[in-house]
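We did not get these values from a lab; they are worked out from the coordinates using the rules stated. Model, not experiment: these values are computed from the prediction. Counting neighbours? That spans all protein chains shown, and the Cβs are built from the backbone with ideal geometry, glycine included.
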Amino acid sequence: MSSRRYEVILSPKAEKQLDALPKPIQRRIAEAAEGLETNPRPHGVKKLEGADNLWRIRVGDYRLVYTIEDDRLIVLVVKIGHRREIYRG
């Protein structure tokens with residue numbers, strides 16, 4: 001494993017979605033997002049079909065949807081939400 005660290009950035013929309021969640025879930029999602037700094041493609045990650053560069057990880061019943069810019073070492077979280085709502089719209 002390389003020692004490269006990615007910068008994890010939350011989009012304004014993702015920040016709002018995170019703030020709306022209960023505190024214990026916010027902590028779990030924050031821990032998962034921190035893990036993306038060292039491994040943006042952890043075990044269980046899925047590339048979303050029909051999207052060029054969208055990936056998702058599960059955190060219980062919640063999902064983080066993000067893009068990876070390997071050349072710039074950036075992970076941009078674009079959506080955070082419950083599994084039954086995250087893929088709508």
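If you take the residues in the stretch 31-69 that are closer than 14 Å to Ile9 by Cα and touching a Pro at 6+ places or on another chain (Cβ under 7 Å), which one is surrounded by the fewest Cβ atoms within 10 Å (Cβ to Cβ)?
Of the stretch 31-69, the ones closer than 14 Å to Ile9 by Cα are 31-38, 40, 64-69.
Narrowing the set further to residues that are touching a Pro at 6+ places or on another chain (Cβ under 7 Å) leaves 35, 68.
Working: Gly35: 13, Ile68: 19.
It comes out as Gly35.
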* Asked: Across the stretch 70-82, what is the number of residues that are over 18 Å from Pro12 (Cβ atoms) and either part of a strand (DSSP E or B) or in contact (Cβ under 8 Å) with a residue 60 or more places away in the chain (or both)?
  -> 2
* So which residues in the stretch 61-80 are under 13 Å from the mean Cα position of the chain (by Cα), closer than 13 Å to Arg28 by Cα and of a type outside the set (Ser, Thr, Tyr)? -> Arg63, Leu64, Ile80
* To do: Could you please find all residues in the stretch 21-68 being touching a residue at least 12 places away in the same chain (Cβ under 8 Å) and assigned to a strand (DSSP E or B)?
  => Trp55, Arg56, Ile57, Arg58, Val59, Tyr62, Arg63, Leu64, Val65, Tyr66, Thr67, Ile68
* What's the number of the condition Glu85 fails, among (1) surrounded by 12 or more Cβ atoms within 10 Å (Cβ to Cβ); (2) out of contact with any Leu (no Cβ under 8 Å at 6 or more places or on another chain); (3) not in a loop (DSSP other than H, G, I, E, B)? -> (3)
